[in-house]
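This report refers to the structure that appears directly beneath it.
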Amino acid sequence: MNKTAKKPIIRRSDEEKIALIEKWESSGLPITVFCNQHDFSDSLFHSWLNKYRRIKKKAKPGSTFIPLQVQKTNAGNEITSVAFADITLSKGHKITLYQMVPPEYLRALLF
């Protein structure tokens, strides 16, 4: 009787799974070929891919803050007629700030 050795179970973190999904997306390979090359089943990969797509779909576009570099142009919180910052939102709406504001103010303004 020919017994095949079982493959060891490899536990991967969410970050590793996402990295593999992104690697597959950029490879242009069919899922079966990619999975064979990386030594796991395509059904396992499909379960990762479905979970990844559900999470990605739930995330609202534009709901994350983008890092912003601010240069101080006036002392403290003086009100000035020169714009301190212009923020253009994804649908073209524009917000102009004439003084420095706390991050909580921006969060309340945008959400």
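Summary table below
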read-out	value
Full-stretch length increase - Asn50, Ile31 - with 0.36 nm per residue and alpha-carbon distance subtracted	5.5 nm
Within straight-line cross-link reach of Lys94, aspartates and glutamates at Cα separation under 19 Å, skipping those fewer than 8 residues along the same chain	Asp86, Glu104
Alpha-carbon Rg with Dmax, taken over the stretch 14-58, Å	10.1, 31
Coil-residue GluC sites (Glu not before Pro) of the stretch 3-40, DSSP, other Cβ within 10 Å capped at 10	none
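Bear in mind these aren't lab numbers, they're just calculated from the coordinates by the rules spelled out. This structure is a prediction, so every number in the text was calculated from the model and none was measured. Ideal geometry is used to build each Cβ from the backbone, glycine not excepted, and the neighbour counts take in all protein chains shown.
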